[in-house]
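Below is one structure, written out as structure tokens; comments come after it.
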Amino acid sequence: MQTTRLNKLLEFLEADPSDPFVLYALGTEYNSSNDLEKAFYYYNLLVDRNPDYVGTYYHLGKLYEKTQQTEKAVEIYRLGLQAARNKHDNHAYSELQSALNSALGIDYEDD
């Protein structure tokens, strides 16, 4: 993780703790550096504060899968599907549906 980028994001957070993009960027930055505890913290904070920030659900779900917490991933994907539906974000809905199917072991090519 680039310390400069992290420091800049933390400065942005200090200036505006409610900025959803900064929370998302911090979660992503910590996830990329494998600091999973902090990644979980910022992604979950974002879901709690800004449940309509649809992009978070996919990455948080994948993080739960990465840590073998499939039930939590499924729960997050389902919340994300509802958020995407509410925002009429068909692209995000499709990605979340695919992630959910994968987490549940559903593969349509097995038909």
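The values are calculated or read from the model by the stated rules, or taken from the named source; none is laboratory data. None of the values given here were measured: they were computed from a predicted structure. No Cβ is skipped: glycine too gets one built from the backbone with ideal geometry, and neighbour counts run over all protein chains shown.
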| Taking Tyr57, is it part of a helix (DSSP H, G or I) and within 25 Å of Leu9 (Cβ to Cβ)? | yes
| Filter pass, Asn34 being in the same structural domain as Thr3 (by TED's automatic domain parsing) and either closer than 29 Å to Arg5 by Cα or part of a helix (DSSP H, G or I) (or both) | yes
| field | Selected residue (criterion: surrounded by the most Cβ atoms within 10 Å (Cβ to Cβ)) from residues of region 5-40 that are over 13 Å from the mean Cα position of the chain (by Cα) and of a type in the set (Gly, Ala, Ser) | value | Ser33
